[in-house]
Every structure is written in structure tokens, then in C-alpha cells.
Amino acid sequence: MTQDLRIQLGKSRIKSLNRGDSRFPWKKGVWESAIAAHNAGYREPEKRFPVVISSDGLLSSPKALQELIDLPDIPQVAEIERINDISGSTVGDVRICDVSWNQLKLLKDRTKWHTIIVLFPDEETKKPVRRTAWVVRSLKDGNPQPRPEIRFPVVITSHDPVDSPEALRELAGLSATPHATDAEIATSLTSSPTGTVRVCEIAYEKIRALKRSIESETIWVMSLNPETEEIEETPAWIFKSIKDSSAVPNKMHKE
């Protein structure tokens, strides 16, 4: 091999090392920094994946998601923006719970699903970035149906602490504003006047928490039982006056 050829091959090798070997894309200094950070206790944040929670879908609540994929705890719910797949513009909010990769794989194994695009916080920067979110359509054959969450109606009245769905959300510490509907009073079980009342349905543990700080009474209304899917007579709570003013926000106090 001539001296000129050795020089050319040497220069080529140096350039290759500076660029980085394709089998080992990071330079030596980068690897050393990563090893030092790991030894110092740094761990890359666990990647999380959003799953849509929808009141009219199979996953109607975080508890339904917990039961479907055997989560140890009920996951927290958050509202994030949905993105139009074509235009890239926002098209409203969706409610989601985030799960790990293994939990997502279990969800995909047990259900039929499709995806949408959302703005989901990046694990490291915490800034919203475009991500895929999973929407469960139905169960695959052979998987048990998640048990519906039992919810009870709270009456919305203009002259009491719970005078709007927004007020109920704040008082009960709900993650989203509940939907209000009309419910017929069950005249066979109550002395209340006949007619309809405006109600929002929430989990019973939230009602128990409200009862500790607000005086309440019950009436009976006609409501859908999610387990039997039949209209049944159900107790509904009316929250009348605040017992413990320190337990609720000041702006919710009634004169």
C-alpha cells in the first residue's frame, strides 16, 4: 500500500469517527455522560399513552378502564385538546387517562379500537405535543364487560349551594363538569310535588363527601340503572345549606 493511499484511508477513518459509527450513533463523550447520569440516579421518564374516556362509550369512567386492564388504582382523568387529522386545528376537548406501554398493549389485546390525534404533554418538557390517543369501540370476543360505575343524581336548584353543574363540579372536586338532564319525580315514593327536576349524576363517594359539609335531603326520581338498563326509582340528593364553611370555596357561600 502506498503512503498516499494510507493517508487517504486514515483521513477517511477520522471523518467516520467524527461522524459516528452507524452501529453506535453517539460519540464516546455522549455515552460517558449518559452512564454518569444513570449512575447519579437519573432515569428517563416513563412514556405514557392517552386513552379516551367517553360517557357514551365502553370506557365511560376511569374505573371502567381500571377494571378492563387490571390497574392497581383508579387512574386520574384530564382534559386535553383534540386535533383535526387533516387541518391540524383543534376541534374541542376530550377526557383521557394515561397508561403505560404494557397496559396499552393489554388494552389493545382485549378491545377493538381506533385512534385520534391529541395534544398530550411531553414526558420531559411537559409541553403539549401531537400524540396518538386510543378510543375503545368494543370488546374482543371472550373478554368480560367492565362493570358500569353506579352513579346517583344530585338535584340542581337555583336557590341552594348546588345551583349549576359548574357549582357541583367545584364543590365535589370533579375532574369535569357533569352533564345535566331532566328527571321525573317518582310520586309513589315521595311527597314532593309532581313534575321534573334538573339533575347531574355523580359517584356515591362524592355524594358522601358533600354530605359531610352540606345539609341535604333526598327525593326519589326515575333514573336509568346502568346494570339492568331499566328506568328505576332512585334517591336523588338536594344539598340545602353549608355546615362547614371551611370545606367549600368562599365564592360558593350563599347569603
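The values are calculated or read from the model by the stated rules, or taken from the named source; none is laboratory data. Note that the coordinates shown come from a computational prediction; the quantities given were computed from them, not determined experimentally. All Cβ positions, even for glycine, are placed from backbone atoms using ideal geometry, and neighbour counts span all protein chains on display. These accessible areas exclude ligands, DNA and RNA; they are computed on the full protein's heavy atoms, side chains included. Shrake-Rupley method; radii C 1.70, N 1.55, O 1.52, S 1.80 Å.
For the full complex of protein chains and a 1.4 angstrom probe, list Phe152, Phe120 by accessible area with the highest value first.
My answer, sorted largest first, is Phe152, Phe120.
Quick one: compute the contact order of the range 64-115, relative version, from alpha carbon pairs under 8 angstrom and 6+ residues apart, as a percent.
Worked out over the range 64-115, it gives 29 percent.
Of Lys206/Lys240; Lys108/Lys140; Lys47/Lys112; Lys126/Lys206, which ones are farther than 18 Å apart at the Cα?
Long pairs (Cα-Cα over 18 Å): Lys47/Lys112; Lys126/Lys206.
Suppose the chain between Ala40 and Lys211 were pulled fully straight at 0.36 nm per residue; how much longer would it get relative to their current alpha carbon spacing?
Net length gain for the segment: 56.7 nm.
Just the accessible area for Leu119, please: 1.4 Å probe, Å², rounded to the nearest 10?
Solvent-accessible area, nearest 10 Å²: 40 Å².
Could you check the simple spin-label distance between Glu124 and Arg198, using points 7 Å along Cα→Cβ, in nm with one decimal?
Those two pseudo-labels are separated by 4.9 nm.
Go through Lys108, Lys127, Lys63 and list them by solvent-accessible area, largest first, probe radius 1.4 Å.
My answer, sorted largest first, is Lys127, Lys63, Lys108.
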